[in-house]
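Presented below is the structure to which this report refers.
The values are calculated or read from the model by the stated rules, or taken from the named source; none is laboratory data. This one's a predicted model, so the numbers in the text were calculated from it and none came from an experiment. Positions of Cβ are backbone-derived with ideal geometry, glycine not excepted, and every protein chain shown enters the neighbour counts. Side chains are part of the model used for accessible areas, which takes the heavy atoms of the whole protein and leaves out ligands, DNA and RNA. Shrake-Rupley method; radii C 1.70, N 1.55, O 1.52, S 1.80 Å.
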Amino acid sequence: MSDVNPTPSFPILLQRFFVEHLGNQRAVSPRTIAAYRDTFRLLLGFAEAKIGKAPTRLILADLDAQLILDFLDHLEKERSNGVRTRNARLAALRSFLKYAAHYDLTALIVIQQALAIPMKRFDRPVLGFLSREEMQAILDAPDALTWAGERDRTLFSLMYNTGARVSEAIGLRVGEVIVDGAAVAHLHGKGRKDRSVPLWRTTVS
C-alpha cells in the first residue's frame with residue numbers, strides 16, 4: 001500500500017518554505033525573503049561544488065552540520081563576509097531547517113545537529129556621538145534660502161528629534177506627521193514596528 005503522505009523532496013520543501021511559510025503564513029517582508037533567497041542561492045552553489053550534487057538532486061540529509069560549517073567558513077574566508085553576514089546566513093538556514101523538521105522525520109538527527117551550530121560571537125564597537133554644538137552645526141549647514149537646503153534642514157531636524165533611520169524618515173507620508181496641537185511623527189520601523197514620537201517646536205517650525 002502506497003504512502004498517502006510521502007515525505008516531500010528537498011526542492012519541494014524549499015519551495016513550500018518560501019511560498020507558503022515565509023510568503024503566506026509568516027508574511028515576512030520582501031527584504032527578508034530576498035536575504036533568505038540569496039542565502040540558499042549561495043549554499044546550493046557551494047554544495048554542488050563541495051559534494052558534486054546539483055540542487056535538484058540534493059536531499060535534506062545532505063545539509064548536515066559539516067556542510068553548513070564548511071559553507072559558513074567559505075563565506076568568511078573566500079567571500080570575505082563579516083561575522084554579522086555569516087550569522088544572518090546561519091539564521092536563514094536555521095529557519096528553514098526548523099520548518100523542514102516537521103515534514104521530513106528521516107532527517108531529524110541531521111537537522112538537530114545542524115541546529116546546534118552556534119552563532120559566532122564578535123566585538124561590538126562602542127558607538128560614538130556628536131556634541132550638541134556639532135549636531136547644531138550639521139543642522140545649520142544647509143542653506144535655508146534654497147528649497148533643497150530647507151528640505152535637508154527639515155530632514156536632519158526630524159531625524160535628530162525622533163532618532164529615525166534614513167529609511168523611516170524618507171518613508172514618511174504627509175498624513176503621518178502632525179504639526180497642529182500635539183505634534184507627532186508616526187514612524188514605521190524595521191520589522192514592521194510602528195512608533196509615535198513627539199516633535200519639538202523647532203522641528204515643527
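The residues Leu130, Leu58, sorted by heavy-atom accessible surface at 1.4 Å with ligands and nucleic acids left out, run Leu130, Leu58 from largest to smallest. When the charge dipole of the chain is built from unit charges on Cβ atoms (+1 for Lys and Arg, -1 for Asp and Glu) and taken about the Cα centre, the candidate among Gly149, Ile109, Leu172 whose Cα reaches farthest toward its positive end is Ile109.
Taking the chain as a Gaussian network of alpha-carbon nodes connected by springs under 10 Å, the highest mean-square fluctuation of the residues Ala92, Ala47, Ala182 belongs to Ala182. Once the Cβ-Cβ distance of Gln112 and Glu78 is raised to the sixth power relative to R0 = 22 Å, the FRET efficiency obtained is 0.20.
Spin-label pair Tyr103-Arg121: with each label point 7 Å from Cα along the Cα-Cβ axis, the two points sit 3.6 nm from one another. Put a plus charge on the Cβ of each Lys and Arg, a minus charge on the Cβ of each Asp and Glu, and nothing anywhere else: the dipole of the chain about its Cα centre is then about 320 debye. Computed about the Cα centre, the dipole magnitude for the stretch 88-183 is approximately 760 debye when only Lys and Arg (+1) and Asp and Glu (-1) carry charge, each at its Cβ.
Put simply, the C-alpha atoms of the stretch 5-95 give a gyration tensor, and the ellipsoid matching it has half-axes of 21, 19, 10 Å, longest first. Computed extension length for Val174-Ile59: 36.3 nm, one decimal, from 0.36 nm per residue of separation with the Cα-Cα distance subtracted.
Once C-alpha pairs closer than 8 Å and six or more residues apart are averaged by separation and normalised to the residue number of the chain, the relative contact order reads 14 percent. Computed with every protein chain present, the accessible area of Ile138 is close to 60 Å² [probe 1.4 Å].
Annotation: extensible slack from Ala141 through Lys50 equals 27.3 nm (criterion: 0.36 nm per residue apart, minus Cα-Cα distance).
For the stretch 16-59, the solvent-accessible area with a 1.4 angstrom probe is 61 square angstrom per residue.
Each listed q (0.10, 0.11, 0.17 Å⁻¹) maps to a log10 I(q)/I(0) for the chain, found by the Debye formula over equal Cα scatterers with no solvent: -0.65, -0.73, -1.11.
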